1. I need the full set of residues from the stretch 69-92 which are in a loop (DSSP other than H, G, I, E, B) and either free of Cβ contacts under 8 Å to residues at least 60 places away in the same chain or of a type in the set (S, T, N, Q) (or both), in order please.
2. Being farther than 24 Å from T198 by Cα, surrounded by 17 or more Cβ atoms within 10 Å (Cβ to Cβ) and β-branched (V, I, T): is that true of I13 here?
3. Does the stretch 157-171 hold any residues that are within 17 Å of L107 (Cα to Cα) and surrounded by fewer than 22 Cβ atoms within 10 Å (Cβ to Cβ), and which are they?
4. Among (1) surrounded by 20 or more Cβ atoms within 10 Å (Cβ to Cβ); (2) modelled with pLDDT under 95, which single condition is V34 missing?
5. Give the residue that is farthest from the chain's Cα centre (by Cα), with candidates limited to residues of the stretch 154-189 that are of a type in the set (G, A, S) and under 15 Å from L84 (Cβ atoms).
6. Give the stretch 102-118 a look and list any residue that's at pLDDT below 95 and β-branched (V, I, T), or say none.
7. Can you tell me how many residues in the stretch 30-68 are in a strand (DSSP E or B) and without any contact (Cβ under 8 Å) to a residue 40 or more places away in the chain?
8. Just one of the numbered conditions (1) under 24 Å from L201 (Cβ atoms); (2) of a type outside the set (G, A, S); (3) at pLDDT 95 or above; (4) surrounded by 22 or more Cβ atoms within 10 Å (Cβ to Cβ) is not true of K44; which one?
Amino acid sequence: MDKALINYKDVEIHQQELSVLNDVNLELHKGEFVYLIGKVGSGKTSLLKTFYAELGIAAGNAEVMGYNVRSIKRKHVPLLRRKLGIVFQDFQLLTDRTVHDNLEFVLRATGWKNKHEIRDRIEEVLQLVGMENKGYKIPNELSGGEQQRIVIARAMLNSPEIILADEPTGNLDVETGKAIVELLHNISANGSLVVMTTHNLQLLREYPGQVYRCAGHCITNVTDEFAVQAINN
């Protein structure tokens, strides 16, 4: 099997001196679709934040894309983040510029210089998410689902091996949410590791993946629970 893209051994995660998760053991590979579930405050988002070095690791061994995120130097954090695509629940698009300009801003910030290559890459990712005719729109002219597609396009710009999605369907209606998860599923089928936090357990039955539950400061693989339910339904 390929080397794990995310490899955590006996990891402890704290927030403001309080323990959030203990004894985290994870080995996640390319092409996997992984759900993180659990109540609000159970540590799902904190865990995601450690993957892109937004939150430190208190103990254990933690490796993401070959970087030791427990001891990563500040100057290396942007290099790690360039290899990840991050999808937030609240979009975080720049509201004063067009979709095309939002995407161009990210490419230029990550070192792209050639105008034609930039334009071609933006067209590619917009096509990938079914938004090829929306490049000229300002974000507030788009529906929530369309904005989330643009956020996924933005996450895909640098062909990341890992996509992290924090409650990507949280602000969307049921049908739109399903379309977004289907899109993320397709991205994982093409070889990216997708890690998604969600409260919507119905999605787990319709779009199966690995399932990890955060509860009582621990994280447990509960994939079998949902596989059994899917068979029984």
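The values are calculated or read from the model by the stated rules, or taken from the named source; none is laboratory data. As the structure is a prediction and not an experimental result, all values here were calculated from the model. A quick note on method: Cβ atoms are made from the backbone with ideal geometry, for glycine too, and the neighbour counts reach across all protein chains shown.
1. Matches in the stretch 69-92: V69, R70, S71, I72, K73, Q89, Q92.
2. So I13 fails the test.
3. L157, N158, S159, P160, E161
4. (2)
5. Residue satisfying both the conditions and the ranking: S159.
6. V106, T110 - these are the residues of the stretch 102-118 that are at pLDDT below 95 and β-branched (V, I, T).
7. Residues flagged as in a strand (DSSP E or B) and without any contact (Cβ under 8 Å) to a residue 40 or more places away in the chain within the stretch 30-68 amount to 2.
8. Condition not satisfied by K44: (3).
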